[in-house]
Amino acid sequence: MATSPAEAGDRAATTLARTEPALGVPSFHELCARYFDFVWKCARALGAPSDETDDVVQDVFLVVQRRAADLKEERLARSWIYGIVRRVVSSHRRQRRDRGVGGGEPDVDSLSSSQPSPFAAAERSSEVNVLMRLLDGLDERKREVFVLSEILEMSGNEIAETIGVPMNTVYSRLRAAREEFDAAALRERKSLERKRAL
Amino acid sequence: MKEMSREANELVSAGRQAFRPTEADRARLMAALAGGATLTVTGAAAAGALRPLRWILGASHGLRALAIALPVAAAGSYWWQASGRSAATPIVQPVSQPPAAVVERSAISAVEVVEERAVLNPAPALPERSASPAFESPKPANGIREEVALLSKAQAALSRGRPQEALEALSEHAQRFPRGALTEERAATKARTLCALGRRQEAEGELKYIEKLNPTSAYLARARESCRAR
C-alpha cells in the first residue's frame, strides 16, 4: 500500500499518541518496573497456573500498554492493574478448564528457583499445593482480600483502594476468609495425620 | 482480628515465598516486555501482540539490531534501577521519544497492521515471545490477545475519526467475547465512540454499565472527559 510521507507522519503521531500516558501518569516502562512483582504475585496467588504465569503477566502488560492512555491519575494505577490481573487470570483459568486441562489446579512446579534442597523443595511444593487448594475453596471475593492481605501483605486501606470497596467490607470479608482458611488448614492437618497413622 | 493457627500461617508463609518472582523471571519477562513495547512504537502496533521475533526477522539490518539492542539494554537498565543506583531512570527509551528510524517504521505500518492483520485475520497465530522454555510448547489461541486486537482496531478507528468503524469492531468484540476479560475496556471505548457519534444517551448507558462493573474504574474519568469535550 503506497503511503505518502505526510500520511505516514500522521499515522506515526496517531500511534504514539495512543500509547502516551496522561501528564503526570507513569509511562508504560515505569508501570512495568513498578508493578511487575505485584502483577506476578497476584497472578500466582489468584490461581494462574504456574506454567502460564509468563503468559498471564505478558497479557496483563499488553493490556496495560494498550490502555495506558486511559489512565488519568497515578493513584489509580494499582487498582487499575489489579483489575486487569484479576480478569486475565480468570480468563486463563476458564480457557484451561475449557481445554480440559483442569481448573487451574495447584501444581507442584510452582516454586521459585531459590529452593534450598530437594527435600525442602518437596515439602514446600506440598504446602503450596495445599495452599492453592484451600484458596480455591474460598469464594472469589474472600479469596482476593485474603490474598492481598496475607500473601501480598497489604494494609486494609490499600486493599480497599485496590479493589474499590469500603474498609468495613474489606475487614468483614477478611475475617470470614481467615476463619474459613484456618478451619480448612486444620482439617487438612488432621487428614494428613490420619493418613500417616495408617 | 483473631490470629490464625500455626498450620494456616505456615501455608501462608509458603505462599509468600513461592509466589515471589525470581530474578530470572524478572529479567526474562522485562526483556520480553521491553521488546513488545518497542514494537508498539515501531509498527506492529496492535494486532494485539508482543511479537518481537516475527518483526525482527522482517526488519532491515539496522532496525533488526535496534530491536535486539533495546530489550537487552532494557533488561540491563532494569537491573541498574533495581539495584537502587538509578531509581528514576526509565527502563528503556520512553515510548514518547522513539529514535528516528523507529518512527519511520511506525509511519509505514502501524495502522496498516491494525487494520489489515487484525481485521483480515481475526484469530492470529500466537506470536513468538521470549525464548524462555515456558514459550516453547505450542499453546492454543490466546483469547486476551484477540480481544486486545479488536479493541485496538476500535481505538485506532476512533482516533482516525471513524467512529462507525470503531463501533463495528466493538460489536464484533461483544459478539465474540460476551464474557471476555476486557469487557470494561470495551464499554469505555464504546462510550467514547457513542459520544463521537453524538449518541450521548447511549454513551451514558455505557458509563453506567462501567460503574456497575467497577465503581472505581480508571476508565470512567477518561471516557467522561472525552464525552464532555465533544
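All of the numbers you see were taken from the coordinates with simple rules; none came from a lab. In this text, all values refer to a predicted model and were calculated from it rather than measured experimentally. For neighbour counting, all protein chains shown are included, and Cβ atoms are generated from backbone atoms with ideal geometry for every residue, glycine included.
Side notes on the structure shown:
- For the residues of A:132-141, the average number of beta carbons from a partner chain within 10 Å of their own beta carbon is 1.
- Relative packing of B:152-164, A:186-198, A:46-58, A:163-175, which averages over residues the other C-beta atoms within 10 Å, highest first: A:46-58, B:152-164, A:163-175, A:186-198
- Measuring against 28 Å, Cα to Cα, the residue pairs A:142/A:195; B:153/B:208; A:142/B:153 contain A:142/A:195; A:142/B:153 as the ones spanning a longer distance.
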